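The values are calculated or read from the model by the stated rules, or taken from the named source; none is laboratory data. These numbers come from a predicted model, not from an experiment. Here the Cβ is made from the backbone with ideal geometry for all residues, glycine too, and neighbour counts use every protein chain on show.
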Amino acid sequence: MENKNTEEFYAKLKIQLADTSLWPSKYLYKFIVPTQGTQISEIEALFDNTGAVITTKESSKGKYTSVSIVVNMKNPDAVISKYKEVSKVKGVISL
């Protein structure tokens, strides 16, 4: 369920993406997830068969893992659509 702030965020992001990139374009997603649990594999599954390059890095204490994903996206709507899919993963923080 999206709130008004989330909708405004995506609307601004869409404008920024349209203004700053030629599409299709490579896009870098960054997420923070708890290291313990299934979140990393859930996120990786959402990017299966997209040609995404996924790198992970554990925090110094090992409690969290950053997940960076570089993937070719066809337009700003596709970028936002992926953010919405990933936002359904429990405990994920989008950067």
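Residue-wise test of (1) under 13 Å from the mean Cα position of the chain (by Cα); (2) surrounded by 17 or more Cβ atoms within 10 Å (Cβ to Cβ); (3) not β-branched (V, I, T).
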site: G51; (1), (2), (3): no, no, yes
site: S60; (1), (2), (3): no, no, yes
site: V67; (1), (2), (3): yes, yes, no
site: K74; (1), (2), (3): no, no, yes
site: S81; (1), (2), (3): yes, no, yes
site: V86; (1), (2), (3): yes, yes, no
site: K90; (1), (2), (3): no, no, yes
site: I93; (1), (2), (3): yes, no, no
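Flag set for T6, criterion: of a type in the set (S, T, Y), surrounded by fewer than 15 Cβ atoms within 10 Å (Cβ to Cβ), at pLDDT below 95 and not in a loop (DSSP other than H, G, I, E, B). Being hydroxyl-bearing (S, T, Y) and in contact with a helix residue (DSSP H, G or I) (Cβ under 7 Å, 6 or more places away or on another chain) is the requirement here; does T56 meet it? So T56 passes the test.
What residue, among those in the range 3-43 that are without any contact (Cβ under 8 Å) to a residue 12 or more places away in the chain and acidic (D, E), is farthest from V89 (Cα to Cα)? Taking the candidates together, the pick is D19.
Considering the range 11-36, the residues that are hydroxyl-bearing (S, T, Y) and touching a strand residue (DSSP E or B) at 6+ places or on another chain (Cβ under 9 Å) include one that is farthest from G51 (Cα to Cα), namely T35.
If you go through the range 12-31 one residue at a time, how many are surrounded by fewer than 14 Cβ atoms within 10 Å (Cβ to Cβ) and under 27 Å from E58 (Cα atoms)?
Pass one, the range 12-31, residues surrounded by fewer than 14 Cβ atoms within 10 Å (Cβ to Cβ): 12, 15-16, 18-20, 22, 24, 26, 28, 30.
Next cut, under 27 Å from E58 (Cα atoms) only: 26, 28, 30.
Of the residues in that region, 3 qualify.
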